[in-house]
Amino acid sequence: MPPLYTIGQYTVGNLLRWGWRPTVEGLEHVPEQGGAILAGNHLSVADELFLGATIPRHLAFWAKSEYFKGTGFRGRLTKSVLTGLGAIPVERAGGRAALSAFDAAIPALRGGDLVVVYPEGTRSPDGRLYRGRTGAARLAVSAGVPIVPVGMIGTDRVQPIGARMPRLGAGKITVRFGKPLDFTGRSDDRTSLRAMTDELMSEIQKLTGQEYVPRYAPPRGQPAG
């Protein structure tokens with residue numbers, strides 16, 4: 001585990017556990033060792049914070065590549081922190097650049113790390129669960145690791161979109177883990193990846209009870225419709 005991540009577990013992690021006392025269900029489904037993908041719904045920036053505070057292993061999160069390219073003191077600090085935490089930069093432009101995140105995640109998974117993926121691709125604008133993108137399934141097939149479905153409940157009230165910090169007393173947080181999905185040996189063609197992703201989203205929906213929307217979430221700033 002990266003030293004900075006360990007420090008975060010004992011400082012920020014303890015603060016979150018003591019301050020909000022999240023309810024955790026199904027933690028036994030997260031492997032104690034070996035690589036796996038944690039794929040969950042995405043309601044708030046706080047999802048990453050409370051997920052990291054819940055699991056006593058290192059989690060490699062994907063972070064926008066822009067965070068690794070900032071200039072000035074703040075930009076260099078952000079880059080240093082994310083690098084120290086073991087975050088994986090991801091390009092949102094698509095194409096070959098976007099695949100660099102997969103190139104970095106596969107050896108991490110094969111080396112026994114846990115990688116966190118949000119199949120919706122962005123935070124839900126209205127609390128509903130949107131159609132998943134196929135990246136998590138593709139990564140699982142390529143790396144030969146299981147996917148553990150994750151359901152986050154209440155983080156959107158504790159830290160709504162736009163809020164800088166989680167708010168005490170704003171609601172109860174629950175973190176639920178489902179049984180691992182093993183897609184070993186499955187084809188990585190478009191039809192198969194779509195079927196695996198739909199199965200994953202169904203399991204996430206069972207954990208959260210969210211209304212499911214069979215279309216992709218709109219980019220930030222656009223109405224959900």
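Remark on the chain: Rg and Dmax equal 16.7, 47 Å (Cα only). Ligands, DNA and RNA left out, the accessible area of segment 163-205 computed with a 1.4 Å probe is 49% carbon and sulfur.
Would you work out if segment 1-119 is rounded, prolate or oblate? Take a ≥ b ≥ c from the square roots of the eigenvalues of the alpha-carbon gyration tensor; rounded if a/c is under 1.5, else prolate when a/b is larger than b/c, oblate otherwise. Oblate, because a/c is 1.5 or more while a/b does not exceed b/c. Bridgeable lysines around residue 172 (alpha carbons under 28 Å apart, same-chain partners fewer than 8 residues away excluded): 206. Counted without the sites themselves, the longest stretch of the chain free of trypsin sites (Lys or Arg not before Pro) in a DSSP loop having at most 10 other beta carbon atoms within 10 Å is 1-163.
Kirkwood hydrodynamic radius (Cα pairs, Å) of segment 122-225?
Hydrodynamic radius (Kirkwood, Cα only) of segment 122-225 equals 15.1 Å.
Summed over the residues of the chain and divided among them, the accessible surface reaches 51 Å² per residue at a probe radius of 1.4 Å.
Bridgeable lysines around residue 79 (alpha carbons under 26 Å apart, same-chain partners fewer than 8 residues away excluded): 64, 69. Within a straight-line Cα-Cα reach of under 19 Å, residue 179 can be paired with the following aspartates and glutamates, leaving aside sequence neighbours fewer than 8 residues apart in one chain: 25, 28, 32, 113, 198, 199, 203.
The values are calculated or read from the model by the stated rules, or taken from the named source; none is laboratory data. If you're wondering where the values come from, they're calculated on a predicted model, not measured in any experiment. All Cβ positions, glycine included, derive from the backbone under ideal geometry; neighbour counts span all protein chains shown. All accessible areas refer to the heavy atoms of the entire protein, side chains included, with ligands and DNA or RNA removed. Shrake-Rupley method; radii C 1.70, N 1.55, O 1.52, S 1.80 Å.
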